[in-house]
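**Student:** Structure provided below as structure tokens; questions to follow.
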Amino acid sequence: MGAKGDLILAYLSQYAIGMRKEIALDRSNVPGWMEDMTDYRVIVRVDGQGTWDKPITPKNGATLSWAVALEAR
């Protein structure tokens, strides 16, 4: 902690996530067949980005953005 970008404040409702591929669910009983156990694995491929293309500056006030990286301390 202490470098620029170590702490980011974000308004996550302005972050869009898109599915890159369908969700895959795998099941296996091989690792725990002696204990009657089943293992599950979920594979999800996603990508995301902010919905704003640039910060905005209203007539009265400071510049606004959906995410802010804090400076080094």
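We did not get these values from a lab; they are worked out from the coordinates using the rules stated. What you see is a predicted model; the values in this text were computed from it and never measured. All Cβ positions, glycine included, derive from the backbone under ideal geometry; neighbour counts span all protein chains shown.
**Student:** Does the stretch 39-73 hold any residues that are over 21 Å from residue 12 (Cα atoms) and touching a Ser or Thr at 6+ places or on another chain (Cβ under 7 Å), and which are they?
**Tutor:** Within the stretch 39-73, 39 is the sole residue that qualifies.
**Student:** Another question, if that's okay. Only one of 50, 61, 18 is of a type outside the set (Lys, Arg) and at positive phi. Can you tell me which? Give the derivation first.
**Tutor:** On the way: 50 fails: at positive phi; 18 fails: at positive phi.
Step by step, each of 50, 61, 18 is checked, and only 61 is of a type outside the set (Lys, Arg) and at positive phi.
**Student:** Could you check the stretch 2-58 and list, in sequence order, the residues that are more than 16 Å from the chain's Cα centre (by Cα) and touching a residue at least 60 places away in the same chain (Cβ under 8 Å)?
**Tutor:** Scanning the stretch 2-58 gives 2, 3, 4.
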